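Remarks on the structure that follows.
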Amino acid sequence: MADIAKLMSSLGVDKKMYTDGVLAVATPIDGSEIGRAAVDDAASVEAKIAGAQAAFLAWRDVPAPRRGELVRLFGEALRAHKDDLGRLVSIETGKILSEGLGEAQEMIDICDFAVGLSRQLYGLTIASERPGHHMREAWHPLGVVGVISAFNFPVAVWSWNAALALVCGDPVVWKPSEKTPLTALAVQALFKRAAAKFGDAPEGLSSVVIGARKAGEMLVDDPRIALLSATGSTRMGREVGPRVAARFGRSLLELGGNNAGVIASTADLDLAARAVCFSAAGTAGQRCTSLRRLFVHEKIYSEVLSRLKKAYASLTVGDPLDPETLVGPLIDQGAFERMRYALDRAKAQGGKITGGEHVGDKAYYVRPAIVELAEHGGIALEETFAPILYVFRYGTLDEAIAMQNAVAQGLSSCIFTRDVQEAERFVSASGSDCGIANVNIGPSGAEIGGAFGGEKETGGGRESGSDAWKAYMRRQTQTVNYSSELPLAQGVKFDA
Ligand code: UN1
């Protein structure tokens, strides 16, 4: 693809890095090869971890607002190259151009957030029970952060981690998905430019390791990786979590989702149908926040289904770089086969399937599928990374909430209603059990300002906004005695 050489050169990537290696990279647009990335061997992963650790020793003493300046410069580089990076994301992942650009924008947003944060890494002051003492809580840099990211948000999820980690004083070693190394190399090149502008950023502050499982395992097992942030399947998290815990490292897991929506009888059906289309069919169902299960009130079930089927029929499936396209290809053959498998199982469960066909004969384009199921169970309880929407009827809101919560995952959720009681009930303590609960918007497409992540098998981690930064720092409780007495806490006497 001629485009690639131009994009990579404008983004500043050395040609050798992506043409001379052994890792073949294909675009899901037509399956053609777009690069051969150089792969890190064990010695080079080791060198990058050691480099990051050395960088940590210097970076932790740089004042946080100054660290923020580096992230500001990086955000500027992203702004200047948003179009090229967004296009590269589309080519490497198959998401439509508008979403590729959105991903680059999400990186810019988190950089802005982190720059402000660099002056707000606040701790508490705490009242001491002892005279002449004060207590406070300080947040210190934690150490090297390892990031393992997935193909579907190949660069934004890294940036959520990296922007926060860098202002918190932590270097980052990044292992991107083997399916999307080119965007990682491009982002690393942009970071290098920002670091050069910054002037005295230590070498090793940000590095990328390209490779298979072994490279990821080295990050998981290395005690110098103070925090391992991993995004991917629950199966991956089940391995990573205990291994990091075994060395008492910290992990931040963002794993599977099986996100649901409830359409109540009072909902604005037009708005709900549009939101469902974006969150279930958009990104070809390959967001961890994609809508996968829909509970529709029985009174409006037929109306909603006919609207959805009509809207689905008009979705343009095709080349993600074409501005008319709304649904690009699945990432690869494996994804396509998993979709087929899920639809076969749904059929065996008595599901009524609309859509889901293979479109064209090159690559893995599919029509998004709607599957009407009578019973909530079986394949609908599993996350299939494809545009399949399972639809169910419900009678009472309690019933809908119970079904929506009756899966192993707990990432995102939503309700469509104009009834304030229903909306509040859904987001209450006994409502949705997910990390994200929305009213009158779909479960996907979160802004960076909130904490992102979920409960249960989603892994419990929180990234991005709010106080997610605390995971990247160590908390220190300090008690300072500024008197000449030595009173002991809890009134203990010990007169030696
Ligand atoms: C992911 O799919 O791993 O909320 C991240 C969203 C995006 C991030 C998705 N902002 O859909």
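The values are calculated or read from the model by the stated rules, or taken from the named source; none is laboratory data. All values derive from a computational prediction rather than experimental measurement. Methodologically, a virtual Cβ is constructed for each residue, glycine included, from the backbone with ideal geometry; neighbour enumeration extends over all protein chains shown.
Data for the structure
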| item | result |
| --- | --- |
| Criterion (touching a residue at least 12 places away in the same chain (Cβ under 8 Å) and buried (at least 24 other Cβ atoms within 10 Å of the Cβ)) met by exactly one of P223, P181 | P181 |
| Candidates A335, A363, A313, filtered to the one that is surrounded by 16 or more Cβ atoms within 10 Å (Cβ to Cβ) and modelled with pLDDT of 95 or more | A335 |
| Yes/no for T289 being hydroxyl-bearing (S, T, Y) and over 22 Å from the mean Cα position of the chain (by Cα) | no |
| Test for E422: is it farther than 27 Å from L330 by Cα, at pLDDT 95 or above and out of contact with any helix residue (DSSP H, G or I) (no Cβ under 9 Å at 6 or more places or on another chain) | no |
| Complete set of residues in region 316-332 that are buried (at least 22 other Cβ atoms within 10 Å of the Cβ), aliphatic (A, V, I, L, M) and touching a Phe, Trp or Tyr at 6+ places or on another chain (Cβ under 7 Å) | L330, I331 |
| Any chance K16 is over 26 Å from E203 (Cβ atoms) and part of a helix (DSSP H, G or I) | no |
| Unmet requirement for Q476, which otherwise passes all of (1) more than 11 Å from the ligand (Cβ to nearest atom); (2) farther than 29 Å from F248 by Cβ; (3) not aromatic (F, W, Y) | (2) |
| Tally of residues being surrounded by 24 or more Cβ atoms within 10 Å (Cβ to Cβ) and away from the ligand (no atom under 16 Å from the Cβ) across region 427-467 | 0 |
| Test: residue in region 390-408 that is touching a residue at least 12 places away in the same chain (Cβ under 8 Å), within 16 Å of the ligand (Cβ to nearest atom) and buried (at least 24 other Cβ atoms within 10 Å of the Cβ) | no |
| Restricting region 223-251 to residues that are farther than 21 Å from F385 by Cβ and touching a Ser or Thr at 6+ places or on another chain (Cβ under 8 Å), the residue that is farthest from the ligand (Cβ to nearest atom) | A245 |
| Criterion (surrounded by 16 or more Cβ atoms within 10 Å (Cβ to Cβ), over 25 Å from the mean Cα position of the chain (by Cα) and assigned to a helix (DSSP H, G or I)) met by exactly one of G51, G68, G21 | G51 |
| Single unsatisfied condition, G410 versus (1) touching a Lys or Arg at 6+ places or on another chain (Cβ under 6 Å); (2) small (G, A, S); (3) more than 19 Å from V276 (Cα to Cα) | (3) |
| Matching residues in region 335-356 - criterion: being under 12 Å from Y390 (Cα atoms) and among the aliphatic types (A, V, I, L, M) | A342, L343, A346, I353 |
| Residues of region 129-145 satisfying the condition of being closer than 11 Å to T477 by Cβ and either aliphatic (A, V, I, L, M) or touching a His at 6+ places or on another chain (Cβ under 6 Å) (or both) | M135, A138 |
| From the options D84, D112, residue that is of a type outside the set (A, V, I, L, M), in contact (Cβ under 8 Å) with a residue 12 or more places away in the chain, surrounded by fewer than 19 Cβ atoms within 10 Å (Cβ to Cβ) and part of a helix (DSSP H, G or I) | D112 |
| Output for region 373-397, where each listed residue is in contact with a Ser or Thr (Cβ under 8 Å, 6 or more places away or on another chain) and either closer than 14 Å to L308 by Cα or not in a loop (DSSP other than H, G, I, E, B) (or both) | P387 |
| Residue ID - nearest to the ligand (Cβ to nearest atom), chosen from residues in region 127-183 that are aromatic (F, W, Y) and not in a strand (DSSP E or B) | F153 |
| Long-range neighbours under 7 Å by Cβ, at least six apart or interchain, first residue within 20 Å of C111 (Cα to Cα) within region 43-67, second among the β-branched types (V, I, T) and assigned to a helix (DSSP H, G or I) | A64/V167; R67/V167 |
| Filter pass, G204 being buried (at least 24 other Cβ atoms within 10 Å of the Cβ), small (G, A, S) and in contact with a Phe, Trp or Tyr (Cβ under 9 Å, 6 or more places away or on another chain) | no |
| Residue within region 412-419 that is surrounded by fewer than 18 Cβ atoms within 10 Å (Cβ to Cβ) and either more than 30 Å from A162 (Cβ to Cβ) or not hydrophobic (A, V, I, L, M, F, W, C) (or both) present | yes |
| Residue match in region 207-219 (condition: surrounded by fewer than 24 Cβ atoms within 10 Å (Cβ to Cβ) and within 16 Å of the ligand (Cβ to nearest atom)) | no |
